[in-house]
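**Student:** Can you read through this structure? Questions will come right after.
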Amino acid sequence: MFVTGKVLWIVAQPLTLALICKVLAFLALLLGRRVLAGFLSLMAGTILFMVLFTSIGAWSLQALEARYPRPTLATPPACMIVLGGAFDLEVTAGRGGMEMNQAADRFIEAARLARLYPEAKILVSGGDGSFSGDYKGDADLSPAYFEAMGVDPSRIIRETASRNTAENVGETKALLAANGLSDCLLITSAYHMPRAKALFDQAGLATVPWSSDYRASGRVELRLDFTQPSLNAQLASTAAREWGAILVARLRGQADPLAP
C-alpha cells in the first residue's frame, strides 16, 4: 500500500492532472477528435488557473486546520507523540546537519513543550518515507535535534519503521504499550490532525490533539489571488493530497476524520 499510495499521488496531484489532460488533448487532436481535445484543454487550463491564481489551496487547508484548536492543559502531559515529516531527509543526507522543511514547526513546538514539561517522554514516530529507503528518518535524526534544543535525548523513544500515517499509528501503539504510556499529546501539522487523530482513535489510542504548522491565516476567503502563484500551487497540492487521503481512509473504512 505504501508504494501504491506514492504512485497514485504522483498521478493525482493537480499539476500532474493538468499535464495529463493536456497530453490527452493533443492525442485527441491527432485522432481528429476536436471537441474532446477542446474539452480536455479547457480542463487543463481550469485546473492550472484554480491552482495558481485562486486561494483554493489555503481555503481548503483552513477547513482542516480549524478542526482541532489547541486545548488548555489542566495537568502536565506524561508524554507526547511527534509525527515525522519535518526533516528534509535527502538534503540532510547530502549536506549533513539537520535540514528541515515547512513542517519543522512540529519539532519546534515539541522542543518548546519538552522544556516546559521536563518529565514528559517524547515519542518520535517516523522512518524513511522515500521510495529508495536509503535515508535516516525523522526518529533517527531527532535525538541530535532535541539535544541541540537543550532537551535530554534520553527522554526520546524512537519509532523508526513507519513510512506513512497509518504505519505511524500501528508502530506507535506497540511502543506506547511497551513503555506504559497513554493519553499523550499528539503533535502534527494542523491540516493533518483530523486524519491522524481519527486513525489513533480507531486504534484505541487516546490522544490530546496539539496542532502545529498552520498553513492558512484562519481568515482566508475563496477568491482570486494573482500575487503568489507558486505558493498557491504549493498549498493547493498539499490540500489535494490531504483531502484525497481522507477520502481514501473513509472508503477503506479506516476512519472518518470529519466525524464529530
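The values are calculated or read from the model by the stated rules, or taken from the named source; none is laboratory data. What you are looking at is a predicted structure, and each value in this text was computed from that prediction instead of being measured. In this analysis, Cβ positions are derived from the backbone assuming ideal geometry, glycine residues included, and neighbour counts consider all displayed protein chains.
**Student:** What is the residue count in region 106-144 for residues that are under 16 Å from the mean Cα position of the chain (by Cα), hydroxyl-bearing (Ser, Thr, Tyr) and not in a loop (DSSP other than H, G, I, E, B)?
**Tutor:** So the answer is 1.
**Student:** When you check Gly126 against the structure, is it at pLDDT 95 or above, under 26 Å from Ala249 (Cβ atoms) and of a type outside the set (Phe, Trp, Tyr), yes or no? Before the answer, list the steps.
**Tutor:** Working: at pLDDT 95 or above: yes; under 26 Å from Ala249 (Cβ atoms): yes; of a type outside the set (Phe, Trp, Tyr): yes.
Yes: the conditions hold for Gly126.
**Student:** Can you name every residue in region 220-249 that is in contact with a helix residue (DSSP H, G or I) (Cβ under 8 Å, 6 or more places away or on another chain), surrounded by 14 or more Cβ atoms within 10 Å (Cβ to Cβ) and not in a helix (DSSP H, G or I)?
**Tutor:** Val220, Asp225
**Student:** Only one of these is among the charged types (D, E, K, R), in contact (Cβ under 8 Å) with a residue 12 or more places away in the chain and at positive phi: Asp213, Asp225, Asp201. Name it.
**Tutor:** So the residue among Asp213, Asp225, Asp201 that is among the charged types (D, E, K, R), in contact (Cβ under 8 Å) with a residue 12 or more places away in the chain and at positive phi is Asp213.
**Student:** A follow-up question, please. Quick check on my filter: what residues within region 177-202 are more than 20 Å from Pro76 (Cα to Cα), of a type in the set (A, V, I, L, M) and assigned to a loop (DSSP other than H, G, I, E, B)?
**Tutor:** Ala190
**Student:** Are there any pairs with C-beta distances below 9 angstrom linking a residue in region 166-192 that is without any contact (Cβ under 8 Å) to a residue 24 or more places away in the chain and more than 18 Å from Leu64 (Cα to Cα) to a residue that is surrounded by fewer than 23 Cβ atoms within 10 Å (Cβ to Cβ) and among the aliphatic types (A, V, I, L, M), with the two at least 6 apart or on different chains, and if so which?
**Tutor:** Pairs that qualify, where the first residue is without any contact (Cβ under 8 Å) to a residue 24 or more places away in the chain and more than 18 Å from Leu64 (Cα to Cα) and the partner is surrounded by fewer than 23 Cβ atoms within 10 Å (Cβ to Cβ) and among the aliphatic types (A, V, I, L, M), are Ala178/Ile157.
**Student:** For Arg215, which of the numbered conditions (1) part of a loop (DSSP other than H, G, I, E, B); (2) more than 30 Å from Ala74 (Cα to Cα) fails to hold?
**Tutor:** With respect to (1) part of a loop (DSSP other than H, G, I, E, B); (2) more than 30 Å from Ala74 (Cα to Cα), Arg215 is out only on (2).
**Student:** In addition: Take the residues in region 33-52 that are among the β-branched types (Val, Ile, Thr) and in contact with a Pro (Cβ under 9 Å, 6 or more places away or on another chain); name whichever of them is surrounded by the fewest Cβ atoms within 10 Å (Cβ to Cβ).
**Tutor:** Looking at the filtered set, the residue picked out is Ile47.
**Student:** Val151 fails exactly one of the following numbered conditions: (1) more than 27 Å from Ala245 (Cβ to Cβ); (2) surrounded by fewer than 21 Cβ atoms within 10 Å (Cβ to Cβ). What is the number of that condition?
**Tutor:** Answer for Val151: the failing condition is (2).
**Student:** Mind listing just one residue for me: the one in region 1-32 that is outside any helix (DSSP H, G or I) and surrounded by fewer than 14 Cβ atoms within 10 Å (Cβ to Cβ) and, of those, modelled with the lowest pLDDT?
**Tutor:** Of all residues in region 1-32, those outside any helix (DSSP H, G or I) come to 1, 13, 31-32.
Subset that is surrounded by fewer than 14 Cβ atoms within 10 Å (Cβ to Cβ): 1, 31-32.
Details: Met1: 61, Leu31: 96, Gly32: 95.
Per the stated criteria, the residue is Met1.
**Student:** Answer yes if at least one residue in region 90-111 is outside the structural domain of Ile157 (by TED's automatic domain parsing) and under 22 Å from Phe200 (Cα atoms), and no otherwise. Show your work before the answer.
**Tutor:** Residues of region 90-111 that are outside the structural domain of Ile157 (by TED's automatic domain parsing), as a first pass: none.
No: region 90-111 contains no residue that is outside the structural domain of Ile157 (by TED's automatic domain parsing) and under 22 Å from Phe200 (Cα atoms).
**Student:** Looking at region 202-235, which of its residues are touching a Leu at 6+ places or on another chain (Cβ under 8 Å) and under 15 Å from Gln62 (Cβ atoms)?
**Tutor:** Correct list: Arg215, Ala216, Asn232, Leu235.
**Student:** In the set Val51, Val35, which member is under 31 Å from the mean Cα position of the chain (by Cα) and part of a helix (DSSP H, G or I)? Write out each step before concluding.
**Tutor:** Working: Val35 fails: under 31 Å from the mean Cα position of the chain (by Cα).
Matching residue, one of Val51, Val35: Val51.
**Student:** While we're here: Filter region 129-151 down to residues that are in contact with a Lys or Arg (Cβ under 8 Å, 6 or more places away or on another chain) and at pLDDT 90 or above, then give me how many there are.
**Tutor:** Residues in region 129-151 being in contact with a Lys or Arg (Cβ under 8 Å, 6 or more places away or on another chain) and at pLDDT 90 or above: 8 in total.
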